[in-house]
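Structure record follows, encoded as structure tokens.
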Amino acid sequence: MAPPSKRQRENTAIDVKGGRVSDAPSPQLLELINQRFAEQAELISTSIRSAEERILGQLNGRIGEVAGDVERLSLRVQQLEAQLEAIPDLQAKLNDLQAKQICEYMECHILKAKT
């Protein structure tokens, strides 16, 4: 059997003479594991923050588009309401013009009939 490597000795607590001291991981191994865990936790946190910022930017952009659409629709509704308010006046003017045309037509025929 080959002698254990330095890394194996550090990670498994094998003493220099080849005998096993304990099954507990060495302090160096625990430190490496903790360091790796901290690095992974930071990487995950960074990835999550980046995703949150990207999603927030997309949502803000979409909210801006929707707000613009609402503003345009609001202006269009105001225009249509103004047109609806004008309809009774326009209808009254149209009725007056039609009545005037009928009167002129009848006057013209009455004059023709007298002559």
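The values are calculated or read from the model by the stated rules, or taken from the named source; none is laboratory data. Note that the structure is predicted; figures quoted are calculated from it, not measured. Positions of Cβ are backbone-derived with ideal geometry, glycine not excepted, and every protein chain shown enters the neighbour counts. SASA here: full protein model, heavy atoms, side chains in, ligands and nucleic acids out. Shrake-Rupley method; radii C 1.70, N 1.55, O 1.52, S 1.80 Å.
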Can you spot the aspartates and glutamates whose alpha carbon is less than 14 Å from Lys112's alpha carbon? Ignore those fewer than 8 places along the same chain.
-> Glu104
Given a Förster distance of 30 angstrom, what is the FRET efficiency for Glu104 paired with Gln83, based on the Cβ-Cβ distance and rounded to 0.05?
-> 0.50
Could you work out the local net charge near Thr46, counting Lys and Arg as +1, Asp and Glu as -1, over the other residues with Cβ closer than 12 Å to its Cβ?
-> -3
Solvent-accessible area, 1.4 Å probe, carbon plus sulfur percent, for the stretch 18-102 | 61 percent
Given labels modelled 7 Å from the Cα in the Cβ direction, how far is it in nm from Leu30 to Asn60?
-> 4.5 nm
May I ask you to evaluate 6.51 cos²θ - 1.76 cosθ + 1.60, the Karplus curve with θ = phi - 60°, for each residue of the stretch 26-39 and list the ³J(HN,Hα) values in order in whole Hz, giving x for glycine and proline?
-> 6, x, 5, 5, 4, 5, 4, 5, 4, 5, 5, 4, 4, 4
